[in-house]
Amino acid sequence: MSDSPVQRPAKRSRTDTSNAESPHGDPWLDDGNIILQAESTQFRVLRSILSASSSVFRDMFTVPQPANENLVDGCPVVHVSDTAQDLHHVLKALFDRR
């Protein structure tokens with residue numbers, strides 16, 4: 001056996017690092033089409049459910065988004081001023097009907 005250090009192959013660089021710092025929150029829906037970010041936590045949900053459930057979200061979605069908007073997994077990211085814990089509770093009430 002050789003005493004030389006093992007050479008590991010170089011890792012591929014990420015092309016989309018916008019989610020590297022933001023852990024997924026619950027809910028994170030595979031078929032979600034919008035990501036809400038509160039603090040450093042992202043929630044992937046359905047825009048249609050948010051619009052149907054809240055006039056605030058419905059009005060927010062009527063505002064045109066910039067052409068160079070931030071995308072994560074192909075979904076636009078909307079930053080909200082709520083705490084991650086508060087947004088978690090609201091989204092669970094809307095999306096988890098158990």
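We did not get these values from a lab; they are worked out from the coordinates using the rules stated. For clarity, every value in this text was computed on a predicted model and none was experimentally measured. Positions of Cβ are generated from backbone atoms using ideal geometry, with glycine treated the same way; all protein chains shown enter the neighbour counts.
At a glance:
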read-out	value
Other-chain or far-sequence residues with amide H under 5 Å of Gly25's (modelled H)	Gln42, Phe43, Arg44
Burial ranking of peptide ranges 55-67, 29-41 (average Cβ count within 10 Å, highest at the top)	29-41, 55-67
Inter-site label distance for Ser54 and Arg98 at 7 Å from Cα along Cβ, in nm	2.3
